[in-house]
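In what follows, a structure is listed as structure tokens, so that the remarks can point back to it.
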Amino acid sequence: MAGALNTPRRVALLGATGSIGTSTLDVIARHPDRFQVQALSAHSDVEKLVELCRQFRPACAVIADAARHAQLRDGLRAAGLATAALAGAQALVDIASDPESDTVVAAIVGAAGMASTLAAARKGKRLLLANKESVVLAGQVLVQAARESGAQILPIDSEHNAIFQCLPADGGRGGVRRLLLTASGGPFRGRSRQSLEKVTPDQACAHPKWVMGRKISVDSATLMNKGLEVIEAHHLFGLPAAAIEVLVHPQSIVHSLVDYVDGSVLAQLGNPDMRTALAHGLAWPERIDSGVAPLDLPALARLDFEAPDLGAFPCLALAYAALATGGTAPAILNAANEVAVASFLEGRLPFLGIPALLEATLAAIPAEPAGDLDVLMDCDQRARRQARELLNEMERA
Ligand SMILES: NC(=O)c1ccc[n+]([C@@H]2O[C@H](COP(=O)([O-])OP(=O)(O)OC[C@H]3O[C@@H](n4cnc5c(N)ncnc54)[C@H](OP(=O)(O)O)[C@@H]3O)[C@@H](O)[C@H]2O)c1
């Protein structure tokens, strides 16, 4: 097994320039004897990717936007690096499948991470899974692929990482009554639906506890993030929606809980910093320093819990409904949400237009049996087209 006393783990990090990517590299840099960066990827931020290559010296770097290939190649050459410059969507799949790496961190945002995440699952990698959208889109396919190849999925979403830590280590579910996913409530917790009419992207992205990319920040503000996580938990832990509940916990210290039939409730606590989950996934089953400060419970003094307000934040109910419908419904929900969030961030859609666009897209495209990956990917594309058309209609109205 790779580790401190053996050969280092060789890590392919997809989405290296993002928030999760940055936290991953922070943990890796603390343990140069344990981890070696094999590959890094970005979508369009060539400058940052070259800088990361200078620091971590990977064998290859991928820029997903193929139009920037030459810029990456020239940047690496100018920096005097031997790192190979690759580009395009297929190159992401190639580095996720490359036998030179044993660990893949899936930290691309959105369904754009689907193919590379699935490739890592198919190739039996240790898969640190942050890219929740691919689980929502094709959870069954992904989990099945990991089962067949022997890939170990280590959830990186802090809630799922907490649940992973609190469930029996043998993978059994005996005695589990329910999972309790905590939610900070986002920047608009406690506000009425009406008062959210004019909130801006910057207000939505000003998360009170977590520093994250803009898409997931908006998802946290609408509570769709928690909805996506309910679907993710269903696939990763094999429990029905009725056994997965959401609990608002504004301090973001208890990352989630498992309730057992004997009345025991196991929770994982820690400061709100993704490096804990990433260090856990990178070193599992060992424990390594993540750089996260120890928890000071007396300073915190109190931990609060409340039920989510589904009236003000209807996206969570939409996600439960999509999971209950099953088939392609979660894929439609995810695709429409990606279009809606991007449009909100561009100033084309008001905050309350996000759930409206999701509802309209779900109503326009009937769910079908999920079938295989092709059916799901086709559905993803159709839902995006439909959502864009509906958005245009909303703008004209
Ligand atoms: N941030 C968190 O604390 C957190 C917590 C739990 C789960 N997650 C999940 O982790 C994933 C990443 O989130 P994040 O907050 O780190 O996002 P982010 O900061 O926006 O970073 C996204 C990364 O993906 C790359 N990327 C974007 N679009 C791409 C595309 N079409 N093809 C290939 N690469 C693309 C970006 O490259 P460029 O920089 O070049 O654009 C960047 O490296 C999401 O699924 C999110 O839900 C995040």
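Annotations for the structure displayed:
- For region 195-227, backbone nitrogen atoms closer than 20 Å to the point 7 Å from residue 293 Cα along Cα-to-C-beta are found at 207-212.
- Long-range tail of P(r) for region 265-322 (Cα pairs > 13 Å, %): 75
- Hydrodynamic radius (Kirkwood) for region 33-155, which is based on Cα pairs only, to one decimal in Å: 14.6
- Residue 26-residue 66 pseudo-label distance in nm [points 7 Å out on the Cα-to-Cβ vector]: 3.6
- Karplus 3J(HN,Hα) series, Hz, for region 391-397 with 6.51 cos²θ - 1.76 cosθ + 1.60 (x for Gly, Pro): 5, 4, 4, 4, 5, 6, 5
- Reachable lysines, given that their alpha-carbon falls under 21 Å from the alpha-carbon of residue 198 and they are not under 8 places away in the same chain: 215
- Taking amide hydrogens as placed 1.01 Å from N in the peptide plane, the amide H of residue 184 sits under 5 Å from those of 249, each at least 5 positions away in sequence or on another chain.
- Extended-chain gain in nm, criterion 0.36 nm per residue less alpha-carbon gap, residue 170 and residue 198: 5.2 nm
- Label reach from residue 306 (point 7 Å along Cα→C-beta): in region 213-246, no amide nitrogen lies under 14 Å.
- Cα-centred dipole magnitude for region 123-176, charges only on beta-carbon of K, R (+1) and D, E (-1), debye, nearest 20: 180
- Cα pair distances exceeding 42 angstrom across the chain, given as percent: 9
- Of all DSSP beta bridges in the chain, antiparallel share, percent nearest 5: 25
Read-outs: derived from the displayed coordinates by stated rules, not from any lab. Just so it is clear, the structure is predicted and the values come from calculations on it, not from any experiment. When we count neighbours, we look across all protein chains shown, and the Cβ atoms used for this are built from the backbone with ideal geometry, even at glycine.
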